[in-house]
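K.L.:
Before I ask anything, let me first share the structure, which is written out below as structure tokens.
What follows draws every value from the coordinates through simple rules; no lab data is involved. Keep in mind the model is a prediction, meaning the values are calculated, not measured. Backbone-built Cβ (ideal geometry, glycine too); neighbour counts: all protein chains shown.
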Ligand SMILES: [Cu+2]
């Protein structure tokens with residue numbers, strides 16, 4: 001689906017005024033102290049300054065919530081208070097975390113009830129770009145603003161804090177008044193088609209922010225797609241950037257993309273290396289619309305110190321899958337508008353036709369819609385798991401494995417490099433088969449679901465058990 005920002009409020013993106021903002025949204029704990037995070041409602045302007053603010057749900061009063069920044073191996077302690085009127089929990093996306101701290105309501109913990117607290121405490125084993133977000137009725141809670149960045153720093157960071165920018169891109173659906181359209185949340189149309197697609201992109205909760213840089217110096221840009229369903233289309237060659245990490249895991253060396261656009265699915269992250277050569281403004285554009293939309297810009301100023309380019313990022317130590325001795329699992333994805341219809345089990349009952357459609361469920365994995373009492377598969381700790389994902393629907397999906405990073409080993413219609421990058425979320429196109437492999441080295445109950453949050457709610461959620 002194409003973005004129609006051109007029509008939105010009759011405005012033109014090209015006339016946008018960029019406002020310079022501080023590099024950072026918020027601070028982080030300086031030590032191993034407990035960080036307090038409270039979910040609640042607050043007002044925040046999403047559109048232009050002369051438009052009213054939206055009623056959002058936020059962590060500590062803003063969307064995104066505070067950026068959490070710790071060193072690899074440092075303990076993260078968050079005392080979370082639920083100030084919402086509905087149950088919630090926090091998931092730490094991409095972290096190879098202790099299962100009890102994974103924050104999945106109904107699987108790894110009971111949802112935190114309104115007015116109650118939960119203490120999250122974990123050690124992040126990998127440096128990189130991660131994020132946290134609500135994991136109960138996520139289609140509703142994330143759409144309203146419950147997310148924040150989680151940055152795990154290397155032992156000896158290559159980029160200092162002034163050269164390390166986080167850009168959380170969110171795709172909001174605004175109404176004619178420029179405020180968040182809450183009336184459409186949960187619409188069957190969104191659930192059965194491409195998910196909730198918005199008409200306005202913000203970065204760090206702001207419209208088209210501008211970041212001031214020093215020309216000649218090297219910067220790390222951590223782009224995080226926190227949209228419910230929007231796949232961002234970015235061409236890094238248009239702003240002279242190289243890719244240095246995907247989903248938190250660094251590449252061996254910075255890579256110039258030899259194709260375009262780069263698709264960044266919901267929940268995926270891409271880190272870029274950028275060295276502004278002169279003081280010309282640099283636009284970061286989203287390409288899926290009628291024309292490139294500059295959703296953020298960089299303004300280099302003269303006087304930067306010319307320094308040698310930094311060394312590559314230090315890799316994390318992830319267990320390499322053993323493809324010769326692996327458990328294979330096939331996941332058949334069905335349903336949705338214009339999709340294959342199969343007899344589907346929902347909450348233990350086999351349903352057909354209108355009986356199924358009455359449930360509000362639309363999609364299924366191996367003929368089962370949503371959580372089942374039994375996992376999709378069980379495997380032993382340390383075993384390599386190969387998952388063949390067969391998308392028999394008419395839509396692209398963004399599949400996320402909790403608690404593990406994987407490599408893509410096969411993709412129908414395209415070739416895959418032998419050492420494809422580590423990821424925690426992958427896109428699988430309509431009628432495409434994508435196969436991933438990972439070592440199931442983290443015991444517990446792990447969710448495997450589509451990160452298009454409407455799809456997850458409408459059936460595309462399952463789990464596996466590492467015992
Ligand atoms: Cu999906």
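K.L.:
If I model a spin label as a point 7 Å beyond the Cα along the Cα-Cβ vector, how far apart are those points for residue 81 and residue 342 in nm?
P.N.:
Placing both labels 7 Å along Cα→Cβ, they lie 4.7 nm apart.
K.L.:
Note down the nm distance, to one decimal, between modelled labels 7 Å out along Cα→Cβ at residue 357 and at residue 253.
P.N.:
Modelled inter-label distance: 5.7 nm.
K.L.:
For each of 418, 286, count neighbouring Cβ atoms within 10 Å of the residue's Cβ, then give the residues from fewest to most. Walk me through the numbers before you get to the answer.
P.N.:
Values: 418 6, 286 24.
Placing the least packed residue first, the sequence is 418, 286.
K.L.:
A follow-up question, please. Which whole-number percentage describes the relative contact order of the chain, with Cα contacts under 8 Å and a sequence gap of 6 or more? The partial results should precede the final answer.
P.N.:
On the way: 1275 pairs, mean separation 68.6, N = 467.
Worked out over the chain, it gives 15 percent.
K.L.:
Which FRET efficiency value, to the nearest 0.05, do you get for residue 74 and residue 162 by plugging their Cβ-Cβ distance into 1/(1 + (r/R0)^6) with R0 = 25 Å?
P.N.:
Details: r = 21 Å, r/R0 = 0.84.
Efficiency at R0 = 25 Å is approximately 0.75.
K.L.:
If a/c stays under 1.5 just call it rounded; otherwise compare a/b with b/c (prolate if a/b is bigger, oblate if not). Do that for region 170-301, with a ≥ b ≥ c from the square roots of the Cα gyration tensor eigenvalues. List each step's numbers first, then the result.
P.N.:
Numbers: a/c = 2.43, a/b = 1.64, b/c = 1.48.
Prolate, because a/c is 1.5 or more and a/b exceeds b/c.
K.L.:
If the chain between residue 206 and residue 33 were fully stretched, how many nm would it gain, using 0.36 nm times the residue separation less the Cα-Cα distance? Provide the component values of the computation, followed by the final result.
P.N.:
Values: separation 173, 0.36 × 173 = 62.28 nm, distance 2.91 nm.
This chain segment gains 59.4 nm when fully extended.
K.L.:
Out of all DSSP beta bridges with both ends in the chain, state the antiparallel percent to the nearest 5.
P.N.:
Details: 89 of 126 bridges.
The antiparallel proportion sits near 70 percent.
K.L.:
Now for a different question. Give the peptides 239-246, 309-316 in descending order of average Cβ contacts within 10 Å, highest first.
P.N.:
Details: 239-246: 20.9, 309-316: 15.2.
Highest-to-lowest ranking by the protection proxy: 239-246, 309-316.
K.L.:
Would you mind ranking 379, 450 so that the residue whose beta carbon has the fewest other beta carbons within 10 Å leads the list?
P.N.:
Details: 379 18, 450 31.
Lowest to highest Cβ neighbour count: 379, 450.
K.L.:
How far, in nm, would the chain grow between residue 378 and residue 113 when pulled straight, counting 0.36 nm per residue and subtracting the alpha carbon separation? Provide the component values of the computation, followed by the final result.
P.N.:
Details: separation 265, 0.36 × 265 = 95.40 nm, distance 3.04 nm.
Computed gain between residue 378 and residue 113 is 92.4 nm.
K.L.:
Rounded to the nearest 5, what % of DSSP beta bridges with both residues in region 279-375 are antiparallel?
P.N.:
On the way: 12 of 14 bridges.
For region 279-375, the DSSP antiparallel bridge percentage is about 85.
K.L.:
Take the alpha carbon atoms of region 189-216, find their center, do the same for region 89-111, and report the distance between the two centers in whole angstrom.
P.N.:
26 Å
K.L.:
Considering only C-alpha atoms, what is the centroid distance from region 385-408 to region 147-178, in Å?
P.N.:
25 Å
K.L.:
Averaged across orientations, what area in nm² does the convex hull of the alpha carbons in the chain project?
P.N.:
Mean orientational projected area (the chain, Cα hull): 21.0 nm².
K.L.:
Which order do peptides 197-209, 170-182 fall in by mean Cβ count within 10 Å, highest first? Before the final figure, lay out the partial values.
P.N.:
Details: 197-209: 22.1, 170-182: 19.3.
So the order, starting with the most tightly packed, is 197-209, 170-182.
K.L.:
Under the rule a/c < 1.5 gives rounded, and otherwise a/b versus b/c splits prolate from oblate, where does region 326-466 land using the Cα gyration tensor?
P.N.:
Working: a/c = 2.24, a/b = 1.40, b/c = 1.61.
Taking the square roots of the gyration eigenvalues as a ≥ b ≥ c, region 326-466 is oblate.
K.L.:
Roughly what would the spin-label model give for residue 350 and residue 291, points 7 Å off Cα along C-beta, in nm?
P.N.:
About 5.7 nm separates the two model spin labels.
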